[in-house]
Amino acid sequence: MSTSVSPRRGRRASQEGPRASLKQLLPFLFEHKRVLVIVALLSIVGAVATLAQPLLVGAVIGRVEAGEALGYLVWGIVGLVIVASLISGYQHYLLQRTGTAVVYSSRRKLIGRILHLPIGEFDARRTGDLVSRVGTDTTLLYAVLTQGLADAVGNGLIFLGALVAMAIIDPVLLGLIVIVIGASIATVGLLSGRIRKATRDQQEKVGELASGVERAIGSIRTVRASGASGREEQAISGLASDAYDQGVRIAKVSALIVPVAGIALQLSLLVVLGVGGLRVAAGAISVAALVTFVMFLFMLVAPLGTFFGAFTSVNQALGALGRIQEILDLPTETQADAAIAASVGEREPAAETPAAAIEFRDVRFRYPEAVVAARRKAEDAALAALEDAHVDKSVADDLRRLAEADGTPMPEETDVSAEVLRGVSFSVPRGARVALVGPSGAGKSTTLALIERFYDPTAGAVLLGGDDVRTLDRDELRAQLGYVEQDAPTLAGTIAENLRLASPEASDSDCERVLRAVNLGEVLERNPLGIEAPVGESGVMLSGGERQRLAIARALLAAPPILLLDESTSSLDGLNEQRMRDAIDAVATGRTLVVIAHRLSTVVDSDHIVVMDRGRVVGQGTHSELVESTPLYRDLARHQLLV
């Protein structure tokens, strides 16, 4: 089945982004409720000190008009100003500190969730986008406290106090002011939703930009060698331009909000001076009352600027929080295990005869829908790139024919939802060495991924020691497995840090022993730091073969009862491959090995060989048996299994 999505339509189609509500923001704030309570109490004291100032000023004017002594009123005003300023400064410190703590806690939650997500989620998402959510999106939560909700709470008290005082002084003037302010608040309310959507879109574009940069930097040598630096720069600049455009959208909407408070203040002031002057002339209110009313007017309108800023900050935060919450709402590997184990049933009691170390029973598997959707999106992007590059049709057809000859269909002809494994059944006896062979795309690596429970079968069962792996605790399961993936990555850091990833308690001598066992003694000798020598980003200071041997040494150091090796000698030359085989032979005694074979030399000594093709097992047996019984294996053996 081929995908029929138009590349252009696929690029233009936009799905509704993740939404977040203020209710989802509250848990992040309630983690610091003690500090927020202190801030609220300070806000009350500060609001009282601020609201008392116009009353004292009015009293001063009244005494001046009556020719009375001012007494301590002036000193009272000075004291209130100092108290309000000190409280404001301390509030600012508390809010800055709490805002930083909110960002910290949200990042911890995100990191904890991301590192425990099912493997399928990483297949469906780009690394740079996940990094952007941890870095950029969480930063926007900081503004909620420093510029948003907390400021709005303090100023809200002043707003209400001023409203009550103005109602007491002159309800008529207040009624006119309410009309002006009500119109401004309605305007901001209409614009706030647009800010939230624009912010969410901008954060998504920033995530795409981070993914593009991460991809280019991670492949910088290939990019340079291919003469593609200019094209990559252009592509990434396009992503940066998209993020810029979204930022301009936010600026435009914000620019509409900012003048609203100023306009409200100007109109309100004109109304008060005009109508208030008439009411003073008519004797309805005194000059002192009018001055006091004007001061309260400033206290009423000034918080509007803060409120409107809070609208902007909170809506920006909610746009980013939607992306954060999307990840936090995803179930981890272990959260889904209870339901999966219940559907499988309880673990059966151990049989009298020892069960096979590993057994596949009619296993079927297809990738989760999220992975399929991500693959289709990538296919649409690939087709659109061909179109944007104006690739000649004959050239595209030649590329397609070359891809088909290599067994890799072009994007629109790829059935991304097809079953990868189709009724696979075989068993691995304890202590045996079993090789999985077959052409590219046969499902060999997927088979190891199911043993590790990176995925669960769509149907059938994978058993470890007679137990369905879905009934086992994942840590318990993986403690029994040593897994060396194809092109195993090397982590930035030191040799020792890479080795101790699965064996944190291993001694220096143990580390050196396994390194020499896989012929990495020269790596220790060429740097005086020994196992503390840095390996560089992605192991750039090691050769490809050295990185592969380091990954195998890491698995050997953990010494699990079962080793899963995915073409682990494919990057080695003949001499190092032989030494590696000797090292594996040395540690294989008493252990079970499942090896995805790349070369005939790795296969012939296996106790059992499983031949796979297009997700099915097409033959099983020893080398000599399969040469006679299985044409595919005979053909692979003829070509030294170099597939």
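The values are calculated or read from the model by the stated rules, or taken from the named source; none is laboratory data. As the structure is a prediction and not an experimental result, all values here were calculated from the model. With ideal geometry, Cβ positions are generated from the backbone for all residues, glycine too; neighbour counts draw on all protein chains shown.
Structure summary
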| item | result |
| --- | --- |
| Segment 442-475, residues that are assigned to a loop (DSSP other than H, G, I, E, B), buried (at least 17 other Cβ atoms within 10 Å of the Cβ) and not hydrophobic (A, V, I, L, M, F, W, C) | Gly443, Glu452, Arg453, Tyr455, Asp456, Pro457, Gly465 |
| Some residue of segment 318-340 being surrounded by fewer than 18 Cβ atoms within 10 Å (Cβ to Cβ), in contact with a Ser or Thr (Cβ under 8 Å, 6 or more places away or on another chain) and at pLDDT below 80 | no |
| Some residue of segment 525-543 being closer than 29 Å to Ile358 by Cβ and without any contact (Cβ under 8 Å) to a residue 24 or more places away in the chain | no |
| Enumeration of residues in segment 34-67 that are among the charged types (D, E, K, R) and in contact with a helix residue (DSSP H, G or I) (Cβ under 8 Å, 6 or more places away or on another chain) | Arg63, Glu65 |
| Within segment 118-226, helices (runs of 4 or more DSSP H) holding 3 or more residues that are modelled with pLDDT of 75 or more and not aromatic (Phe, Trp, Tyr) | 119-124, 127-132, 149-169, 171-218 |
| Residue that is nearest to the chain's Cα centre (by Cα), among those in segment 31-88 that are among the acidic types (Asp, Glu) and at pLDDT below 75 | Glu65 |
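Let's see how each residue does on (1) outside the structural domain of Thr199 (by TED's automatic domain parsing); (2) touching a Phe, Trp or Tyr at 6+ places or on another chain (Cβ under 8 Å); (3) surrounded by 15 or more Cβ atoms within 10 Å (Cβ to Cβ); (4) farther than 26 Å from Val164 by Cβ:
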{"position": "Leu29", "(1), (2), (3), (4)": "no, no, yes, yes"}
{"position": "Ser43", "(1), (2), (3), (4)": "no, no, yes, no"}
{"position": "Ala47", "(1), (2), (3), (4)": "no, no, yes, no"}
{"position": "Val74", "(1), (2), (3), (4)": "no, no, no, no"}
{"position": "Val81", "(1), (2), (3), (4)": "no, no, no, no"}
{"position": "Ser85", "(1), (2), (3), (4)": "no, no, no, no"}
